[in-house]
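In what follows, a single structure is set out as structure tokens and then discussed.
Laboratory data are not the source of any read-out in this text; all were calculated from the coordinates shown. Computed from a prediction, not measured in an experiment: that's the story for all the values here. Methodologically, a virtual Cβ is constructed for each residue, glycine included, from the backbone with ideal geometry; neighbour enumeration extends over all protein chains shown.
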Amino acid sequence: MDFIPPVPLFDVQQDGFLAATGANKPDNRKRRSSWASLDGCDANPNEYKKKVSVSFDQFDGTRNENQKKIMHRDAERHRRQKMATLFGSLRSLLPPEHVKGKRSASDHMHEATIYIRHLQKRIEGLNGKREDLREEALLVTSDCSPSSQRCNVTVRTCRVGVEVVVSTPTITKSGLPPLSTLLSVLHGEGLDIINCISCKVNERLLHTIEAKVIDDRSIDPSELQQKLADL
């Protein structure tokens, strides 16, 4: 028996054309709805722009969120690398006895804290020793200064005539005139030595000489003082 294909049913329209009916008739309801939506957008361009703008905003928001995540991951990676570098530098500064063996990062940080406190106490002790040495150096310098090693002379008038006060260091250095030389100069200036007293004051010898003017000579105290100081 031969196969006879089914004959499609057609409806006769008013214009005389045939239209398929039944199961073979295409369902254009979805297409009409999409066309209607497009027709509405064509009729209202602002609505179309609004829909497109919303779509782009959603796309931009998603893209910005992804970029933020990428930047956050990069920043976190750089932070960890920097921390690892700093930790390695700190570990290299510690003495071997503080880093020997397998220890965690927290253990190394604890050892670093102990070592830093030890260094601080050591620095304080060294600063104290430095100040002590500085004070001793100042004392030695003041004792050895030219002002302390030179002969100081003061001449002024007194009841009997002239009083000469000479201050010399306890240990007489070369170049300083001895007391006998000063007495000889006073005698050459027409002064007669009446009294001479020597005593020790603040690591220096203080000589107080009283002299009487011979033959009523005129003595200038400032000139005599300068002459004795130049010896």
Within region 195-231, take every residue that is in contact (Cβ under 8 Å) with a residue 12 or more places away in the chain and polar (S, T, N, Q) and give me the one that is nearest to residue 151 (Cα to Cα).
225
Members of region 153-167 that are in a loop (DSSP other than H, G, I, E, B) and not charged (D, E, K, R):
158, 160, 161
For region 179-228: of the residues being within 59 Å of the chain's Cα centre (by Cα) and on the phi > 0 side of the Ramachandran plot, which is surrounded by the most Cβ atoms within 10 Å (Cβ to Cβ)?
203
